[in-house]
Each structure stands twice: as C-alpha cells, then as structure tokens.
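Written out below as structure tokens is the structure these notes cover.
Read-outs throughout are calculated quantities, based only on the coordinates presented, and are distinct from any laboratory measurement. All values derive from a computational prediction rather than experimental measurement. In this analysis, Cβ positions are derived from the backbone assuming ideal geometry, glycine residues included, and neighbour counts consider all displayed protein chains.
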Amino acid sequence: MTDKHALRVILALSMLIFAIGAAANSRETAEAPENMMVYYFHRPPYYIHEKDGHTGLLVDIARRVFKQADIACSFRVSNPMRILSAIQGRQAVCSVGWFMLEERRQFAKFSLPIYRDKPMGLLLHPAARKQLPETVTIEAVFAAPLTGGIIEGFSYGTWLDGKIAALGPKLIATNANSSQLARMIAAHRFDYTFIAPEEADYLLRGNTYFRNHLCFTPIEAAPAGNYRYLMFSRTVSDNLIQRVNAAIRDLKLVD
C-alpha cells in the first residue's frame, strides 16, 4: 500500500467515524424529547399533585397540547428553583405555566401562550385589610406598614415585578407553596401576598379555616392577567416546539 493510498484510507475512516457520531448525536437530540418530561410545582388550582396522579388547570392544558401534538409526556412535581435549574441543564425538558420574561429567554425557549390569568389581586389577613383604603392600589399597599410574603424564585409578571423593583416594599421570600403561604398569612406571620382571583377562589372555597382568617381584594388598575407558556430547555429542538405551537393553535387556547 502506497503512502498516498494509506492516507486516503485513513481519511475515509475518519469521515465514516465522524458521520456515525454525528448521526448518533442527531438521533439522541431528536429522540430524547419525544417522551417529554414536564415539570410543575404544586400550586392549586393551576398545578395539583395528588397520590394518584398529576392534575390542575394548567397541567390538564399541557396534557391536551402534547396529546394534540402526538408527543408522549410524563409529569414530575418539584419546586420553582429546581425546575429553573433543570431548564438550564442539558436534558430536553419542559415546564408548564411560566411567564415569558426577558431573563428567562436567555436560557429557555417558549411556546405560544396557553392561558391568560385574570388581573392580580391580594390575599390578606383581615387586620391588614383594615389598614388599606376601600379602593386598594398597589401604591397604597406598598406605602402601608405591611409585610408581604412571596414565593422565592417566582415572578408575578412584568407589571407587578416592575412595581416591586420601583417602589421597594417590605417583602419576605419563602420556599412555601401558595397554600402554605396562605396559612402563614392566616397565622399573621405575613400581612398579604399577591394572588390571581382564580387561585384565591380555590383556596377560600375549599378551606373553612382560610375563609375565616383571610380575605381577597382586587388591585385597582391592575392590568389584564399575564400570559402563561410552556417553557423548554434550549436542548429541545425548534421542530418539536413548532409541533407544540401548531397544537396550541388547533386547540384555540387563548383568544
């Protein structure tokens, strides 16, 4: 075998090995998301973790979307900080019901909107409500001698996040879920938290203790609620997200 022929053989083998490796990586990228892991955190009525399964308003919508897109999926409950960590990791994963913020777009991909919240309100201890005017503005809440409780790592949407940044109210972040936070307010560990009407209705309607120790009030001039999306890790292919978006359009989930 001449040196020239040997070189050709080596080059051919190298190209073959490269092609096999590229094909394997391509298959891994394409196949991994086909059984999509969908993360959520327990927050009724949007996401509900029960012994016999996963349900809730947004979990059920996500299940419909993936079924319409013909993509197998499974659900896993976690907490917001761990979910964000998973989305920023190397695995092809998804989480349901997040707001599309600019900082999240740096590490995640988003679907079309799947739901829109009603305007944000307040869940308060009755004693805190007495310290506010009849018509409650966000400025009046932040000017009052009150302490709010919020969920760590959680966004309350562009409008409210902006008001918090601009006005600097006294807030304490906790890893508690919404039900636990409501219980803390009922015990007067905090004065209030921010909450959508549909979530407040679920908590107050389903729990006598909460009805007797909490109240809900709308926030004057709060804008229309935030859109919620499916949030994907950047390793999820654009083709798969296009299939998801086509399913969302077909289901006509948001006007």
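In deg cm²/dmol and to the nearest 500, what is the mean residue ellipticity at 222 nm of the chain if only DSSP H runs of at least 4 residues count, each as -39500 (n - 2.57), divided by the residue total?
-12500 deg cm²/dmol
Explain nothing, just compute: Karplus ³J(HN,Hα) = 6.51 cos²θ - 1.76 cosθ + 1.60, θ = phi - 60°, for every residue of segment 227-240 in order, whole Hz, x for Gly and Pro.
Ordered by residue, 3J(HN,Hα) equals 6, 10, 10, 7, 10, 10, 5, 5, 7, 6, 5, 4, 4, 5 Hz.
Using a 10 Å Cβ count of at most 10 others and DSSP loop calls, identify the longest part of the chain lacking such trypsin sites (Lys or Arg not before Pro).
Counting at most 10 other Cβ atoms within 10 Å as exposed, the longest clean stretch of the chain is 131-251.
If the only charges are +1 at each Lys and Arg Cβ and -1 at each Asp and Glu Cβ, what is the size of the charge dipole of the chain around the Cα centre, to the nearest 20 debye?
300 debye
Using the Karplus equation 6.51 cos²θ - 1.76 cosθ + 1.60 (θ = phi - 60°), what ³J(HN,Hα) coupling, rounded to whole Hz, does each residue of segment 183-199 give in order, writing x for Gly and Pro?
Calculated HN-Hα couplings, in order: 5, 5, 5, 4, 7, 6, 6, 10, 8, 6, 8, 8, 7, 7, x, 5, 6 Hz.
Any chance you could give the angle, 0 to 90 degrees and rounded to 10, that helix 158-167 forms with the longest Cα principal axis of the chain?
60 degrees
Against the empirical 2.2 N^0.38 Å scaling, what ratio does the C-alpha Rg of segment 121-218 come to?
Taking N as the residue count of segment 121-218, the ratio is 0.99.
Hey, got the dipole for segment 121-218? About the Cα centre, +1 on K and R Cβ, -1 on D and E Cβ, debye to the nearest 20?
Dipole size: approximately 320 debye.
Fewest first, what order do Leu160, Leu203 take by the number of other Cβ atoms within 10 Å?
Least to most surrounded, the residues fall as Leu160, Leu203.
Which of Glu134, Glu50, Glu198 has the fewest other C-beta atoms within 10 Å, and how do the rest follow up to the most?
Listed from fewest to most nearby Cβ atoms, that is Glu134, Glu50, Glu198.
Which value in Å does the Kirkwood hydrodynamic radius of the chain take, with 1/r averaged over all unlike C-alpha pairs and then inverted?
Kirkwood radius, the chain: 20.5 Å.
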